[in-house]
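The values are calculated or read from the model by the stated rules, or taken from the named source; none is laboratory data. This one's a predicted model, so the numbers in the text were calculated from it and none came from an experiment. Note that we place each Cβ from the backbone using ideal geometry, even for glycine, and neighbour counts take in every protein chain shown. We work out accessible area using only protein heavy atoms, side chains counted, and drop any ligands, DNA or RNA first. Shrake-Rupley method; radii C 1.70, N 1.55, O 1.52, S 1.80 Å.
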Amino acid sequence: QVQLVESGGGVVQTGGALRLSCAASGLTFSAYVMGWFRQAPGKAHEFVAAISLSGGSTYYADSVKGRFTISRDNAKNTVYLQMNSLKPEDTAVYFCAANRLVLTTTPDSYNYWGQGTQVTVSS
């Protein structure tokens with residue numbers, strides 16, 4: 001079965017940094033577009049970033065552009081999200097997701113999801 005396991009979340013102060021990791025198994029990792037989404041309490045899933053199969057193309061939500069960087073290591077079946085200059089508004093559960101079709105920002109387009117990792121930014 002397909003498994004996506006996020007790690008690296010935690011509690012940081014405003015302006016701090018975290019690097020999230022998502023380890024994938026049970027799928028041909030290099031054949032999937034990978035994305036990061038987040039969900040704040042009482043809110044819908046929000047697109048954060050996505051990366052193409054070989055990492056040549058990336059796409060970011062305007063709210064994180066210039067602060068977050070998505071990357072992938074296909075040899076390690078892992079996708080990363082480097083988060084810098086964190087703000088309280090970034091507080092959410094962050095989810096890794098895999099999309100076999102196209103690079104999109106739409107949650108329904110992603111086939112597989114991880115369990116999420118909590119990121120809390122204190123003010």
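Quick look at the values:
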{"read-out": "Sequence of Phe95, Phe68 from largest to smallest accessible area, 1.4 Å probe", "value": "Phe95, Phe68"}
{"read-out": "Average accessible area per residue (Å²) across the chain - probe 1.4 Å, nucleic acids and ligands excluded", "value": "50"}
{"read-out": "Segment Lys43-Ala17, length gained on full extension (0.36 nm per residue, minus Cα span)", "value": "7.0 nm"}
{"read-out": "Net charge contributed by nearby residues that have their C-beta within less than 13 Å of Leu86 (K/R +1, D/E -1)", "value": "+2"}
{"read-out": "Accessible surface of the chain, 1.4 Å probe, proportion on carbon and sulfur as whole %", "value": "48"}
{"read-out": "Residue-count net charge about Gly55 - beta-carbon cut-off 11 Å; Lys, Arg +1, Asp, Glu -1", "value": "0"}
{"read-out": "Within the chain, longest stretch free of exposed trypsin sites (Lys or Arg not before Pro) [DSSP loop, at most 14 other beta carbons within 10 Å]", "value": "1-42"}
